[in-house]
Amino acid sequence: MQRFAAEFNTAFTLILNGDPELWAIVLLSLKVSIFAVLISALIGMPVGAALAVARFPGRRVLIILMNALMGFPPVVVGLLVYLMLSRSGPLGVLELLYTPTAMIIAQVVLVTPIVAALTRQVVEMLAEEYSEQLRSLGVSRLASVPVLLWDARLALVTALLAGFGRAIAEVGAVIIVGGNINHVTRVMTTTIALETSKGNLALALALGAILIGIAIAVNAMVSTLSLRAEREGLRHA
């Protein structure tokens with residue numbers, strides 16, 4: 001017990017003293033995940049909104065596929081991205097493997113289906129609610145997408161936060177394509193796994209505490225935005 005107490009004490013000392021190695025890892029984790037979520041938003045929101053309002057053969061199949069991709073195993077995603085970026089792969093010439101860019105790509109593949117699926121659900125509900133009003137104004141289905149996305153902005157921010165939560169906690173895919181290289185691709189989750197296996201519990205605990213803090217902050221923001229969206233919905237009703 002004394003050893004664990006000492007490890008906890010050292011962990012919080014690393015956090016409070018601003019240990020350079022610790023915060024470099026945290027900042028890289030945030031950078032990779034934030035970029036991944038932003039790219040996923042640019043891809044997933046238009047796709048999800050289009051699936052919500054458009055009607056075409058095979059739409060239901062695409063929705064089922066998109067929902068299935070939300071639960072795609074991260075290690076499989078990492079393997080597929082690895083094969084694409086390896087020297088013998090189609091994108092090997094770009095030499096992106098074992099770089100933060102490769103980690104961003106892997107997280108984009110994981111997060112985009114989440115953003116797209118949640119966007120489709122939100123926009124589809126709004127499209128049904130405003131269908132008569134939009135028809136009376138002569139707005140086509142696709143032309144209504146920007147309006148619906150703007151009206152659903154609070155719910156969509158919640159979707160992005162959900163995607164960020166998935167990205168920041170990811171370990172399987174990023175360790176495959178990033179390689180967990182010190183000062184290059186080492187992020188919080190991969191460092192926790194490595195340092196725990198080495199018995200360096202202080203650094204692992206410090207990063208774990210920060211990761212838990214980020215998770216709590218994200219969930220608090222999701223709850224706050226959900227309550228705000230409910231209040232605005234009641235006000236408009």
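The values are calculated or read from the model by the stated rules, or taken from the named source; none is laboratory data. The shown structure was predicted, so the numbers you read here are calculated from the model rather than taken from an experiment. Virtual Cβ from ideal backbone geometry, glycine too; neighbours counted across all protein chains shown. To get the accessible areas, we keep the full protein, side chains included, count just its heavy atoms, and leave off ligands, DNA and RNA. Shrake-Rupley method; radii C 1.70, N 1.55, O 1.52, S 1.80 Å.
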Going through the stretch 83-103 one residue at a time, which ones are part of a helix (DSSP H, G or I), within 25 Å of Ala162 (Cα to Cα) and touching a residue at least 24 places away in the same chain (Cβ under 8 Å)? Pro100, Ala102, Met103
Does the stretch 127-142 include one or more residues that are open to solvent by less than 30 Å² (accessible area, probe 1.4 Å), in contact with a helix residue (DSSP H, G or I) (Cβ under 6 Å, 6 or more places away or on another chain) and under 25 Å from Phe35 (Cβ atoms)? no
Looking at Gly165, is it within 23 Å of Gly71 (Cα to Cα) and surrounded by fewer than 23 Cβ atoms within 10 Å (Cβ to Cβ)? yes
Name the single residue, out of those in the stretch 143-153 being open to solvent by less than 40 Å² (accessible area, probe 1.4 Å) and either of a type in the set (Val, Ile, Thr) or outside any helix (DSSP H, G or I) (or both), that is nearest to Ile63 (Cα to Cα). Val145
Answer residue from the stretch 6-39, given it is open to solvent by less than 50 Å² (accessible area, probe 1.4 Å) and not in a helix (DSSP H, G or I) and is nearest to Gly178 (Cα to Cα) among those: Asp19
Filtering the stretch 45-102 for residues that are of a type in the set (Gly, Ala, Ser), farther than 25 Å from Thr158 by Cα and open to solvent by less than 20 Å² (accessible area, probe 1.4 Å) leaves a count of 5
Residue within the stretch 46-62 that is outside any helix (DSSP H, G or I), at pLDDT below 90, out of contact with any strand residue (DSSP E or B) (no Cβ under 7 Å at 6 or more places or on another chain) and over 30 Å from Glu124 (Cα atoms) present: no
Suppose we filter Ala167, Ala162 for residues that are in contact with a helix residue (DSSP H, G or I) (Cβ under 8 Å, 6 or more places away or on another chain), within 30 Å of Ala102 (Cβ to Cβ), at pLDDT 90 or above and in a helix (DSSP H, G or I); which single one remains? Ala167
Reported set for the stretch 187-212 where residues are under 26 Å from Val115 (Cβ atoms) and in a loop (DSSP other than H, G, I, E, B) is Val187
Within the stretch 30-42, is even one residue of a type in the set (Lys, Arg) and touching a residue at least 40 places away in the same chain (Cβ under 8 Å)? yes
Any residue at all in the stretch 111-134 that's within 30 Å of Ser29 (Cβ to Cβ), hydroxyl-bearing (Ser, Thr, Tyr) and modelled with pLDDT under 90? no
If we scan the stretch 116-136, do we find a residue that is hydrophobic (A, V, I, L, M, F, W, C) and not in a helix (DSSP H, G or I)? no
May I ask you to say which residue of Val187, Val123, Val109 is farther than 12 Å from Val32 by Cβ and open to solvent by less than 40 Å² (accessible area, probe 1.4 Å)? Val123
